[in-house]
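Report on one structure; see the data block that follows.
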């Protein structure tokens, strides 16, 4: 996630890192070049192309804007739902920290470490990466064999939740907690499972491919045909105005594609590393353990 000072208008105007411009620049350059060639040849009478009525492009542009706005809203909803789910995970980790104080110290410590491992495993599952052994050895109190078993497990987060529930069942069996307290604490385990289910739903169900392809093709058709409508009005200024309009439409299309997958490591994706580190720091602090350093912003980017 890009972290910048949005109050400075000059920083926003000339920002490069984290914007859509670097990703659409090649396509934008092709569109402007084609527009410049068309405008120049037509202006000097070397090319005669029937003018496309402006009213047609007006209707075309309005309809395209509506569909792009709809897709952008749908993709932003996926991004925002992912953030709400990870916010719920933070809340449930804090609930577990408070409600497990009735357990014995050793058992509570194991449960809290399992919660830390769950957050790490969920992030790795969503990013399709293996667990970081060094990090889990430090914050999850796992040995190398346990980390290897987690990496080989089909659903490591669900397996970790099973370990938490087993600890709670053992506490109930040993008389450490009553059945009422067991249900209360176990409800947080259920909620964490629901968080994983929600994240899996977002990660495994992108927007329909045919819908994305349709909009992408329509955007490019609009941008390449636009000079044939504006050249007679704008003359040699056509490439500039075509470039501005193309940047808007191509940028919205690319931005939607980024927001559609909120759990990756692109500039505009959710900072899952930072969220996981927040959970680790709060839970380890509660146990009186050494606290790892927070994730720092690197070149305006927070992972």
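The values are calculated or read from the model by the stated rules, or taken from the named source; none is laboratory data. Because the structure is a prediction, the values reported are computed rather than measured. Ideal geometry is used to build each Cβ from the backbone, glycine not excepted, and the neighbour counts take in all protein chains shown.
Scanning the stretch 212-229 for residues that are modelled with pLDDT under 80 and surrounded by fewer than 20 Cβ atoms within 10 Å (Cβ to Cβ) yields a total of 3. Among the residues of the stretch 160-189, which ones are without any contact (Cβ under 8 Å) to a residue 12 or more places away in the chain and over 13 Å from residue 99 (Cβ atoms)? Once the filter is applied, which keeps residues that are without any contact (Cβ under 8 Å) to a residue 12 or more places away in the chain and over 13 Å from residue 99 (Cβ atoms), the stretch 160-189 yields 162, 166, 172, 173, 174, 175, 179. Residue 247 fulfils the conditions (1) over 19 Å from residue 30 (Cβ atoms); (2) modelled with pLDDT of 85 or more except for a single criterion, (1). Within the stretch 34-46, the set of residues being assigned to a helix (DSSP H, G or I) and free of Cβ contacts under 8 Å to residues at least 24 places away in the same chain comprises 37, 41. The set of residues in the stretch 16-39 that are modelled with pLDDT of 70 or more and touching a helix residue (DSSP H, G or I) at 6+ places or on another chain (Cβ under 7 Å) comprises 20, 23, 24, 27, 28, 31, 32, 34, 35, 36, 38, 39.
Let me spell it out: the conditions are (1) surrounded by 13 or more Cβ atoms within 10 Å (Cβ to Cβ); (2) at pLDDT 75 or above, and residue 4 meets all of them except one. Which number is the exception? Failed condition: (2).
Residues of the stretch 163-179 that are closer than 18 Å to residue 108 by Cβ and part of a helix (DSSP H, G or I): 163, 164, 165, 166, 167, 168, 169, 170, 171, 172, 173. Scanning the stretch 205-229 for residues that are more than 22 Å from the chain's Cα centre (by Cα) and in contact (Cβ under 8 Å) with a residue 24 or more places away in the chain gives 218, 219, 220, 222, 223, 224, 225, 226, 227, 228, 229. Of the residues 232, 274, 285, the single one that is more than 27 Å from the chain's Cα centre (by Cα) and modelled with pLDDT of 85 or more is 285. Counting the residues of the stretch 258-268 that are modelled with pLDDT under 85 and either surrounded by 20 or more Cβ atoms within 10 Å (Cβ to Cβ) or in contact with a strand residue (DSSP E or B) (Cβ under 6 Å, 6 or more places away or on another chain) (or both) gives 1.
Exactly one residue among 284, 259, 207, 236 is in a helix (DSSP H, G or I) and farther than 24 Å from residue 119 by Cβ, and that residue is 236.
Every residue, every condition in (1) on the phi > 0 side of the Ramachandran plot; (2) touching a helix residue (DSSP H, G or I) at 6+ places or on another chain (Cβ under 6 Å); (3) surrounded by 15 or more Cβ atoms within 10 Å (Cβ to Cβ); (4) assigned to a helix (DSSP H, G or I), yes or no:
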{"site": "58", "(1), (2), (3), (4)": "no, no, no, yes"}
{"site": "63", "(1), (2), (3), (4)": "no, no, no, yes"}
{"site": "70", "(1), (2), (3), (4)": "no, no, no, yes"}
{"site": "84", "(1), (2), (3), (4)": "no, no, no, yes"}
{"site": "93", "(1), (2), (3), (4)": "no, yes, yes, yes"}
{"site": "96", "(1), (2), (3), (4)": "no, yes, yes, yes"}
{"site": "113", "(1), (2), (3), (4)": "no, no, yes, yes"}
{"site": "116", "(1), (2), (3), (4)": "no, yes, yes, yes"}
{"site": "128", "(1), (2), (3), (4)": "yes, no, no, no"}
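As a summary of the residue check, residue 139 satisfies the conditions (1) buried (at least 22 other Cβ atoms within 10 Å of the Cβ); (2) over 21 Å from the mean Cα position of the chain (by Cα); (3) modelled with pLDDT of 80 or more except for the one numbered (3). Return a yes/no flag: does the stretch 143-157 have any residue that is part of a helix (DSSP H, G or I), surrounded by fewer than 13 Cβ atoms within 10 Å (Cβ to Cβ) and under 27 Å from the mean Cα position of the chain (by Cα). Checked against the condition, which is being part of a helix (DSSP H, G or I), surrounded by fewer than 13 Cβ atoms within 10 Å (Cβ to Cβ) and under 27 Å from the mean Cα position of the chain (by Cα), the stretch 143-157 yields at least one hit.
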